[in-house]
Amino acid sequence: MRVFAYSLLVLAIGLSACESPKTAATEVGDETVAAPPPAQSTPNQPTIVPANVMSPSEAQNPSDPPPGQQYRLLGVIDPDMNNIVAFALKVPRDWQVQQSFKRKWNGAIPSPQVYLSFRSPDGSQQIEYLPAVEYTYADGPMAQNMRAQMQSMGMPRMESELPPMPALTYIKRVLLPTLAQRGLVLRNVTNETVLPAQQAANQVTKTSAYVDGELGNGRRARIECRLSQQTMQANGETYYAWNVIPSITQTNADLAASYAHAKAAQESITMNPTWVKLNNDVVQRGQRANYQTGEDNLAAQRRMTEIQRQGHEQRMADIQRQGAASTARYNDHMAAMDADKAAFDARTNSQDQQHEYFVDAIREKEKYADPSTGERVKVDAGYNHVYTDRQGHYYGSNTPVNAGSVDWQELQKLSMKQY
């Protein structure tokens, strides 16, 4: 269960230490560079938008940008909100860019999923930002008891439920195995680095770490994750909401130089306040809808509990009535046995058949026959109906059972003459 949501922080805090919100047009060096024009797309589908905002003269000579203008500003477009720019960041001026923006839904609450890829003109360098992964976790007596109950019932743990961990631990324990499953294997891992933690707004702690290694294509690579964690305590329980934004920097040349471009992009992120407000409105509506759904589910559970309680009381009353009837039948049976035994003692020329019958009666046994096989069997007396299953087990009941529904066969009680 998501205790509190902070999807708005995924982009602004998870990627970088954002400054105060600015517009999508931001000064770079000595000039102002506008975000790219909106692109047409289908809601909730990935949007691939080439982001080239160079002038024709710059495009003719991309390797020699004017002084102080090494980067241009990229506007990341939200196709679900009329292609508005959600946030902007700096990318190398002559690099090709791809961006994808879609949403993942937790009930009615959306979580932006942004993918960015920057590639140098000769293809020797590439920086990728993978979509954010969000986790929640609760710790305390109630949470531990609930997890134990789910485990005892064989219910699997939700993928989004994971206790928080340091950024470097996450890389080695979660991120690298996940990338390997997708075919991106990092070999000869070295340079495990943990960057200083930072405090952000809303009691959010930001940490990051990276490792270096070699990919299957022979390139050097730096796998980094930027982790944001928010903690809340209530009613003796501790609740964690945290997210991770992974990035992959790879190059044929100087890895540190390529990573400098990734760092410049991270540190330049600026949010569009208009988009922030629109997205926040959607999140708040989703939270209210999820809350109402939860209340409706609780009300339905209370109604079901009351129905079950009433059914239990009715079953107990039926059992008591059946017990009283069974006792009365038992007393009648014992009285009949006494009468039969007296008659038996009075008859001096009894047959073996009669003798067995009364012996069975004394032993509280009765003989039944299986009409399908002719096999006869003695069972405990006192039941109006006796059944057998295919494994040779016998069942007595004072009320009839639909034997066909359970693959049983009802036996026929034999009278004294039929012994």
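The values are calculated or read from the model by the stated rules, or taken from the named source; none is laboratory data. Keep in mind the model is a prediction, meaning the values are calculated, not measured. Backbone-built Cβ (ideal geometry, glycine too); neighbour counts: all protein chains shown. What goes into the accessible areas is simple: the full protein's heavy atoms, side chains included, and nothing from ligands, DNA or RNA. Shrake-Rupley method; radii C 1.70, N 1.55, O 1.52, S 1.80 Å.
Within the range 148-170, being part of a loop (DSSP other than H, G, I, E, B) and among the hydrophobic types (A, V, I, L, M, F, W, C) holds for Met153, Met155, Met158, Leu162, Met165. Just one of (1) assigned to a helix (DSSP H, G or I); (2) surrounded by 14 or more Cβ atoms within 10 Å (Cβ to Cβ) fails for Asn145. It is (2).
The residue pairs whose first member lies in the range 392-403 and is in contact (Cβ under 8 Å) with a residue 24 or more places away in the chain, whose second member is open to solvent by 50 Å² or more (accessible area, probe 1.4 Å), and whose beta carbons are closer than 7 Å, counting only pairs six or more residues apart or on different chains, are Asn398/Gln322; Asn398/Tyr383; Asn398/Asn384.
For the range 181-191, the criterion of a residue being under 22 Å from the mean Cα position of the chain (by Cα) and either part of a helix (DSSP H, G or I) or not assigned by the TED database to the domain that holds Asn106 (or both) is satisfied by at least one position. Would you check if Gly213 is within 16 Å of Ile127 (Cα to Cα) and modelled with pLDDT of 90 or more? Judged against the criteria, Gly213 is a match. Scanning the range 65-85 turns up at least one residue that is among the β-branched types (Val, Ile, Thr), farther than 22 Å from Val244 by Cα and out of contact with any Gly (no Cβ under 8 Å at 6 or more places or on another chain). A search for C-beta distances below 7 Å between a residue of the range 120-142 that is farther than 21 Å from Lys90 by Cβ and any residue that is part of a strand (DSSP E or B) and among the aromatic types (Phe, Trp, Tyr), counting only pairs 6+ apart in sequence or on different chains, returns Tyr135/Trp242; Thr136/Tyr240; Tyr137/Tyr240; Ala138/Tyr239. With respect to the conditions (1) at pLDDT 90 or above; (2) touching a helix residue (DSSP H, G or I) at 6+ places or on another chain (Cβ under 9 Å); (3) in a strand (DSSP E or B), Pro110 lacks only one, and its number is (1).
In the set (1) open to solvent by 30 Å² or more (accessible area, probe 1.4 Å); (2) in contact (Cβ under 8 Å) with a residue 24 or more places away in the chain, Gly286 fails one condition alone, (1).
Taking the stated definitions as given, is Thr205 in a strand (DSSP E or B), out of contact with any Ser or Thr (no Cβ under 9 Å at 6 or more places or on another chain) and of a type in the set (Val, Ile, Thr)? So Thr205 fails the test.
Filtering the range 232-280 to residues that are at pLDDT 90 or above, among the polar types (S, T, N, Q) and in a strand (DSSP E or B) leaves Thr238, Asn243, Ser247, Thr249, Gln250, Thr251, Thr270.
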